[in-house]
Amino acid sequence: MDKLLSNAIDSIEVGMEDFQNGSERRLVSAVRNVYAGLLLLAKAVLWENSPNKDGSLIYYTKNKSDGTVMVKTGKTIDVKTIQERFTNLGFNPDWAPLDTIQGYRNDIEHFYSTVRPAVVQEQLGRALPLIQTLMGEYLEADPKDHFSPECWKALLESKDFFDAMQKTCIDTFADIEWESDEVPFPKTHLRCMSKDCGSYLIAQQWPDQTEHLHMELICRECGSTPDVEDVLEAALKESTAADAYIAAKNGERPPLARCPSCFRDTFLPDIGKCMICDFQLQDRCEVCGADMDIDDYNPDFEGMCASCAHSLQKAWYD
C-alpha cells in the first residue's frame, strides 16, 4: 500500500508541475497525471482494506477449480470496478470529481483542439475534495503532510478558484423547478459543449427563469451560448453514470433511459417523463392495469404494457 500511495502522490505532484508549466502539451499531461494519481489513491484504499492487506481487492479475481477460493489474476481493476468495490466495503466517497476529470481527459485527447488553462484549473480544483477523502478519511493520512508545500499550495489555489467561480454559476439555477427527487437537477455537471472549451462554469443568463427548458445558458469561460438540450443531456448522463453502472450490474432499473419520442438520453423512469421533449409515459396499462415501464412503450400499442401488446399482436396473426 505504501508504494501505491507514494506513486499516487508522485503522479499528482507531476501533474501540478505540468499545470504550472503552462504549455498546452503540459496541460494535457497535467490532467492525465492527476487522474492517474486519483486512481492510485483509490487503489491504495482498496489495498489497505484487502483481506490480510494482501492487495487482492485491486485485482480482478476468479474462482479456483473447487469454486470456493478467490485468487488474484495479474490484471488490476478499472475505475467502475474500483467504485463497485468501495460500495461493497461500505465506502461512499463523492466520485463526481473522478468521473468529470475522466470525461475531460477523454475529451481533450479525442475532441478538443485546444486546452484552456482555466478549464484545466477547474478540473484540478475538483480533485482536491476527493484527495482529502481518500487520504484523510480512508487512509488516515493528512494530505498536507504528504505533498510538497508547493504542490499543496497549488491544489488549494485551484480549489479556491474553482469553488468561487462555480458558486456564482450554480447560484443562477437556484429557482429552477425540477420534478425528480431520484435524479436531482445536474447543476454541477453542466458543461460547455464548445469543441475548444469543455468548462463546467455554465450559468443561466436570466437567473429568474424557473423552467429548465427555457434556460438561456452562457459559458463563463469562453462566452459561448450552448444549446440547453445538448448540455442537459450530457449533464444527466454524467451525473447518473455511477448509479447506472451499479444498476446494470445488479439488474435494477437505470436512473436514466432513452426517450422513445426525441431519442435523447433524458427520460427519467422515476417520474415517467422526458426532461427535454416532455414525453410522458402512462402510469398503468389500459388493458390489465399493470404498472408501465419505459421498456413497455410501443408507439403501435400506446397505453398497453409489453405483455398485453404481445398478446394482441399474437391474436392478430393467429
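The values are calculated or read from the model by the stated rules, or taken from the named source; none is laboratory data. This structure is a prediction, so every number in the text was calculated from the model and none was measured. Backbone-built Cβ (ideal geometry, glycine too); neighbour counts: all protein chains shown.
Can you spot a residue in region 209-228 that is within 27 Å of residue 302 (Cα to Cα) and surrounded by 16 or more Cβ atoms within 10 Å (Cβ to Cβ)? So far as region 209-228 goes, no, none of its residues is within 27 Å of residue 302 (Cα to Cα) and surrounded by 16 or more Cβ atoms within 10 Å (Cβ to Cβ).
State all residues of region 245-291 that are hydrophobic (A, V, I, L, M, F, W, C) and crowded, with 19+ Cβ neighbours inside 10 Å; if no residue qualifies, say none. Across region 245-291, the qualifying residues are 256, 257, 259, 267, 268, 274, 275, 276, 281, 285. So is residue 164 modelled with pLDDT under 90 and surrounded by 15 or more Cβ atoms within 10 Å (Cβ to Cβ) or not? No; evaluated as a whole, the condition is false for this residue. Looking across region 163-178, just one residue is within 21 Å of the chain's Cα centre (by Cα) and not in a helix (DSSP H, G or I), and that is 178. Here region 83-132 is the region considered, the condition is being of a type in the set (Asp, Glu) and surrounded by 15 or more Cβ atoms within 10 Å (Cβ to Cβ), and the residue that is modelled with the highest pLDDT is 84. Per the listing 157, 182, 150, 140, the residue uniquely more than 16 Å from residue 228 (Cα to Cα), in the same structural domain as residue 231 (by TED's automatic domain parsing) and either out of contact with any strand residue (DSSP E or B) (no Cβ under 6 Å at 6 or more places or on another chain) or charged (D, E, K, R) (or both) is 182. Within region 261-285, the set of residues being in contact with a helix residue (DSSP H, G or I) (Cβ under 7 Å, 6 or more places away or on another chain) and part of a loop (DSSP other than H, G, I, E, B) comprises 264, 265, 266, 269, 275, 276, 281, 285.
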